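Structure record follows, encoded as structure tokens.
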Amino acid sequence: MKILHTADWHLGKRLYQTDLLEDSRRFVEWLLATIEERQIDVLLVAGDIFDTAHPSVEAMQVYYDFLKGLIASKCRLVITGGNHDSAAVLNAPREILRLLDVHVIGGACDDCCEEVLPLLDRRGNLQAAVAAVPFLRDRDLKRSVEGESFEDRRMAVRAGIQRRYEQVYAHGRKTYASVPVLGMGHLFVNGSATSDNDEKLHSIGTLDLFEVNLFPAFDYLALGHIHRPQMLGKMEYVRYSGSPTALSFSERLDEKLIIQLEIKNQKVVDIQELKVPKFRQLRRFSGSFTEIEAAVHAYQHSDVLRTLAEIEILEEHRDPMLIDVAKSYFLKLNHPYLSVLNWRFRFQQQLKTTDELFGETMALPELAPTEVFEQWLQENAETEESKTLLTEAFQELLHSL
């Protein structure tokens, strides 16, 4: 049996208000061709199919076009919900999809044993089982206790996650004793390498206490939530697949992958990393305005889609006239190969305003509270101790809203 592991598609994602749906559409087309070429039996998608709980009609169309193509290929599919997904949206057609060998676990089931599914090959033979655990929210794991401290809540959530995985693992081993038992999860595991776009709320909040050694001994653990592909704890069988397309400028240099594994003689063997083609470049230009103007003018590429650019202008002193010149230049720029999504100045003095922190093209209402706080923290907290104290205070306030 051949299995593919992917996650974090974020259909409908916008980067500085620029739609990335064409990137997703091209990835899906490539994925369907890869499944057919390699005769894949099962596809596992570990959360965050969509970027928002209420995806656009266009994002839903890409999803349903993918399902239509996959069903025609006879490849079975298991999807779990992520923190960006709406369980109701994912689960709405699942009874019909189940008849077509598409299994959707949009949110935590009341009976966690329902998350354990048999995996059959193209001939209908049982080859493995999977504990398809979706993103687990606090309400899925514990009840709030009046007067409970932030640290108590964190430890209770950690214990709830561990208990959930132990329960589905035990059920899988008991019910499907003769075959490998795989796991799926969508969470931040301590020690994983993140990008700027990964979930800062969870990396500094409750889920940073969950460690890889708290998982049961799955034969393979397919994780989502972190956008950089990686093994955890140097264990080949515990992996984040990462996002298949770059979703932020911090991911512009990352190699995007999906993971293929094969089951032979009741064992997981031959784990391979399959490179996803890069359909467009994300570029970050940095330097004086004169240097950037020259670099942008000379830029060319041969990619399928236009390059998206982020500009950081570095100058010694604040010059209102230069700021006006730069603003006029970028507003009038009509480049054949790239689009500038955001530009900002960085002067020698400390950054203070949101315009200086996030760029001329970003308005404060467009920013998530965690983004504003993280940037402010980087610019103003002088010691690691002060960062820790401020972060804990911020989390207390955020959880109380």
To the nearest 0.05, how large is the calculated FRET efficiency for GLU255 and GLU312 if R₀ is 30 Å and r is the Cβ-Cβ distance? 0.80
Would you mind getting the accessible area per residue of region 230-286, heavy atoms of the protein chains only, 1.4 Å probe, in Å²? 47 Å²
Would you mind giving the three semi-axes, in whole Å and largest first, of the ellipsoid equivalent to region 79-142 according to its Cα gyration tensor? 23, 14, 9
Determine, from the Cβ-Cβ distance of GLU291 and LEU390 and an R0 of 35 Å, the FRET efficiency 1/(1 + (r/R0)^6), rounded to the nearest 0.05. 0.45
PRE zone check, label point 7 Å out along Cα-to-Cβ of THR175, amide N under 17 Å, scope region 107-124, hits 107-121
Testing the spin-label approximation: label points 7 Å from Cα along Cα→Cβ at GLU95 and LYS68. State their distance in nm. 2.4 nm
Contour minus Cα-Cα distance for GLN300 and GLU166 (0.36 nm per residue): 43.0 nm
Over the chain, what is the percentage of antiparallel beta bridges among all DSSP beta bridges, to the nearest 5? 35 percent
Protection proxy (average C-beta count within 10 Å per residue), highest first, orders 37-46, 311-320 as 37-46, 311-320
Between VAL325 and ALA368, what length comes free when the chain is fully extended (0.36 nm per residue of separation minus the Cα-Cα distance, one decimal in nm)? 12.5 nm
Over all pairs of distinct alpha carbons, what does the Kirkwood formula give as the hydrodynamic radius of the chain, in Å? 22.8 Å
What is the chain's relative contact order, in percent, from Cα pairs under 8 angstrom and six or more apart in sequence? 13 percent
Relative packing of 297-308, 223-234, 254-265, which averages over residues the other C-beta atoms within 10 Å, highest first: 223-234, 254-265, 297-308
Pull up the DSSP beta bridges for region 231-343 and report the antiparallel fraction as a percent, rounded to 5. 45 percent
Charge sum, other residues only, whose C-beta stays under 10 Å from THR80's C-beta, Lys/Arg counted +1 and Asp/Glu -1: -3
Taking amide H atoms as placed 1.01 Å from N in the peptide plane, list the residues 5 or more away in sequence, or in a different chain, whose amide H sits under 5 Å from that of HIS103. LEU77, VAL78, ILE79
Suppose R0 equals 30 Å. What FRET efficiency, 1/(1 + (r/R0)^6) with r the Cβ-Cβ distance, do TRP30 and ASN334 give to the nearest 0.05? 0.50
Beta bridges by DSSP in region 36-150, antiparallel share as percent, to the nearest 5: 35 percent
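The values are calculated or read from the model by the stated rules, or taken from the named source; none is laboratory data. As the structure is a computational prediction, the values presented were derived from the model and not from experiment. Every residue, glycine among them, receives a Cβ derived from its backbone with ideal geometry; neighbour counts consider all protein chains shown. We work out accessible area using only protein heavy atoms, side chains counted, and drop any ligands, DNA or RNA first. Shrake-Rupley method; radii C 1.70, N 1.55, O 1.52, S 1.80 Å.
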